[in-house]
Amino acid sequence: MPRLSIAPMVDCTDRHFRWAIRQLAPTTFLYTEMISAPSLIFGDAHRFLDYDSAEHPVGLQLASDKPEDLERTTALAVEYGYDEVNLNCGCPSDKVQNANYGACLMAQPMLVNRLVRAMVRQAKTTPVTVKHRIGIKGRESYEHLREFASAVMDAGASRLIIHARIAILEGLSPKENRTIPPLRYHDVERLKSEFPNWTIDINGGITNLETIQQFSTIFDGVMVGRAAYEDPYFMADAERLIFGGAPAPTRAEFLKRLVDYFLPWEEQGLHWRHLLRHFPGLFHGLKGSRQWRHLISPPYAQGSIQHIISQALSLIPSESLQSATSLAPVLKSS
């Protein structure tokens, strides 16, 4: 089971980000962006599902409110060799709500029970998990959380990944929903205490190594969100904390790996921004951070990724390029 993971994040955790972050965190479990089941059924499924074998272990996150659609798409996940299939019951965006996906499903625990049962039927030996909030406005008590979690686990889910905030579905943006509702870690701890045999991962507001270390003794896994995206070397440090292993590559080595990885994509006509846009925080807290951000920001410079990285290697101070840890100030949990 994953002891450390990076949350699925729309427009963030695409295949290029996952490949790159795998260079810094070899064992951490990764997830795709949330993908709606209709996108796979009626769209180009291969474009959504294809990934590099180096990304393992990697899970596919699906969104749907229809058991038959989740059966079909879970079967596709198994066919493509994903290590886990996850159901999104936590996204609060208006678009997702309008499709009856995401956090609004927490109002319908027995529907989610049917959705998970449909996924489990097709998953064979692949674990089926659910990522959800502790509740939604109007259904935000601990008893509501326990009711929902019980419906999920009774359906055969192997793991709960719980963001320790409620979702407010009216009046707050998805970004505001990540910070404004207060964190209630104690509710998730109570659930784990009451059901010690359930596998439960904690998510939400985890932005420092001390919190990861503390929660790793309470929960079965810890999921990091935006902190992993804003400072990728934070995940290098977290990986070493949880799993040990060899030191991460230096930032200079990491940049050279990105060039080797992206050259075949460039030959297919893809611009380097599709990769480097994920890493404005690569030198977060280090000398040269401003020059790096300027180099990879719009208006995008012309030229190959090799040209851009060569410029970076000449502009950024050597001590920053040779650093292999996060030297940013400790982030405060929100």
query = Do we have A149 as in contact with a strand residue (DSSP E or B) (Cβ under 7 Å, 6 or more places away or on another chain), of a type in the set (G, A, S) and at pLDDT 95 or above here?
reply = yes
query = Consider P57 against the criteria (1) within 20 Å of D201 (Cβ to Cβ); (2) in contact with an Asp or Glu (Cβ under 7 Å, 6 or more places away or on another chain); (3) touching a residue at least 40 places away in the same chain (Cβ under 8 Å); (4) buried (at least 17 other Cβ atoms within 10 Å of the Cβ): it satisfies all of them except one. Which criterion is unmet?
reply = (4)
task = Quick one: in region 168-180, of everything that is more than 11 Å from R133 (Cα to Cα) and assigned to a loop (DSSP other than H, G, I, E, B), which residue is modelled with the lowest pLDDT?
result = G171
key: Sole exception among (1) farther than 15 Å from P232 by Cα; (2) in contact with an Asp or Glu (Cβ under 7 Å, 6 or more places away or on another chain); (3) not in a loop (DSSP other than H, G, I, E, B) for L70, by number   = (2)
task = Scan the helices (runs of 4 or more DSSP H) fully inside region 287-326 and keep the ones with 3 or more residues being of a type in the set (A, V, I, L, M) and buried (at least 16 other Cβ atoms within 10 Å of the Cβ).
result = 305-315
remark   = Per the filter on region 177-193, residues touching a residue at least 40 places away in the same chain (Cβ under 8 Å) and under 21 Å from the mean Cα position of the chain (by Cα) are N177, R178, T179, L183, R184, V188
message = Checking L321 against (1) at pLDDT 95 or above; (2) over 30 Å from G269 (Cβ atoms): exactly one of these is not met. Which one?
response = (2)
remark   = Note on region 185-204: residues closer than 19 Å to N88 by Cβ and out of contact with any Lys or Arg (no Cβ under 8 Å at 6 or more places or on another chain) are V188, I202
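The values are calculated or read from the model by the stated rules, or taken from the named source; none is laboratory data. Note that the structure is predicted; figures quoted are calculated from it, not measured. For neighbour counting, all protein chains shown are included, and Cβ atoms are generated from backbone atoms with ideal geometry for every residue, glycine included.
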